[in-house]
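One structure is given here, and the rest of the page talks about it.
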Amino acid sequence: MFRSATTSSLASRFFISINHPRIAPLTIPLASFTNHAPIALEGTARQRQYNRNRARDEQYQQQEQQRKRRPGPLHFIAASSFLSWFSKKSDDENTPESQLITIIKRSILSIQKEEYQKAEQMLHLALKMAQDLQSKDGITYIYDIMANLAMEVGDFAKAEKLFVNVMQRLFSDGFLEDHIKMLHISSKVAHLAQLQGHLDKAAQGFEWTLAKLEEKLKQLGDDNVKEIRELWGITKNWYAQLLMESKRFAEAKQAFLQAYEAYTEIHGKLTEEGLTILNNLSVACSNLEDYASAERFLKEAISLAAQIPDLSEAGVYKANLGLLYLQQGLLRQASEFCTFAWRYGNQHKHEETVIQATYCLEQIKAMQK
């Protein structure tokens with residue numbers, strides 16, 4: 001009744017890979033996959049319908065390309081521990097050093113609230129205070145936050161310049177290139193290259209960072225093994241996204257599996273970040289036309305998502321499963337999941353879910369004519 005090639009060509013256009021913004025200090029871009037060529041329709045009316053669908057698809061693709069270069073909210077985890085070592089110098093809340101620390105903490109809070117302009121102003125004030133105090137550690141830490149903020153708002157060139165500055169300051173303080181602080185930054189610089197489309201540079205940076213992290217993991221006595229393992233998983237996940245962009249789907253699948261294992265080993269399975277990796281893993285399998293595995297990973301993500309209250313991304317997983325069924329010509333199942341996702345997305349005001357589900361339902365409607 002419906003040829004699988006037709007359904008595949010339609011559904012694969014917008015079967016996306018998402019990445020939850022809090023899986024790392026910075027988000028990873030969305031990705032759409034269009035590895036199937038469109039199939040021409042017969043007859044003038046059907047050709048017009050095809051042209052309308054194609055124009056709509058191209059609009060979706062343009063929206064998706066914009067999202068690919070737009071990082072999500074920052075989440076300040078243990079990626080930088082500068083604050084811990086210069087905050088120990090004074091316990092007196094009235095000292096200039098303590099006042100500086102307070103301003104830095106408030107700037108981080110402003111970033112988490114997405115009050116970027118306020119954060120920028122506070123960071124410049126903090127930088128002047130740190131310079132007046134001649135606090136090398138404070139200056140370095142502030143530059144690190146500024147780099148993350150620049151990355152968050154999409155100023156990638158500024159972010160890279162600031163990260164290089166931080167690395168140079170650490171080098172001057174005697175840090176080696178394989179120190180955990182250096183490796184955090186080198187991973188982010190590689191991610192910056194990826195966000196700017198410099199895939200060869202990004203690949204080189206990721207591979208170098210991963211190699212150094214793997215060397216450190218072999219040193220069983222390392223006190224930072226948990227942090228190293230987590231950074232290795234984060235970097236693997238970013239690298240897997242790069243492999244997806246390069247259409248190296250089999251390698252991407254393996255990298256996502258390793259990233260998921262590392263992340264859940266530390267944080268458990270009931271996290272939004274872990275579900276995001278499962279979703280991305282299913283996308284890799286879909287591109288390998290391993291639909292059974294893609295369905296299994298998505299269903300696992302949906303099952304786990306049901307145990308996390310008010311998880312907005314749960315609708316995206318449902319929509320992706322609907323699109324996966326659409327790829328295989330299973331219209332009834334596709335309609336069921338995409339209808340649920342559309343309602344869920346509107347209820348929770350989650351744009352990505354609504355866009356995904358709307359696209360899926362429009363394709364089902366077009367195929368039934």
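The values are calculated or read from the model by the stated rules, or taken from the named source; none is laboratory data. Since the model is a prediction, treat every value here as computed from it, not as a measurement. Methodologically, a virtual Cβ is constructed for each residue, glycine included, from the backbone with ideal geometry; neighbour enumeration extends over all protein chains shown. Calculation scope for accessible area: heavy atoms of the full protein, side chains included, ligands and nucleic acids excluded. Shrake-Rupley method; radii C 1.70, N 1.55, O 1.52, S 1.80 Å.
Computed on the Cα trace of the range 198-266, the radius of gyration divided by the Kirkwood hydrodynamic radius gives Rg/Rh = 1.00. Expressed as a whole percent, the accessible area of the range 157-261 that falls on carbon and sulfur atoms is 52 (1.4 Å probe).
Pairs of C-alpha atoms in the range 269-368 farther apart than 22 Å represent 23 percent of all such pairs. Each peptide in 142-149, 335-342 receives the mean, over its residues, of other Cβ atoms within 10 Å, and ordering these scores from highest gives 142-149, 335-342.
Once the 1.4 Å probe is applied to the protein heavy atoms, the range 269-368 comes out at 39 Å² accessible per residue.
Measuring between alpha carbons in the structure, the pairs from Lys269/Lys318; Lys158/Lys236; Lys161/Lys216; Lys105/Lys128 lying more than 21 angstrom apart are Lys158/Lys236; Lys161/Lys216. Packing, taken as the mean count of other beta carbons within 10 Å per residue, orders the peptides 255-264, 114-123 from highest to lowest as 255-264, 114-123.
From the square roots a ≥ b ≥ c of the eigenvalues of the alpha-carbon gyration tensor of the range 147-244, which class results: rounded (a/c under 1.5), prolate (a/b over b/c), or oblate? Since a/c reaches 1.5 but b/c is at least a/b, the shape of the range 147-244 is classed as oblate.
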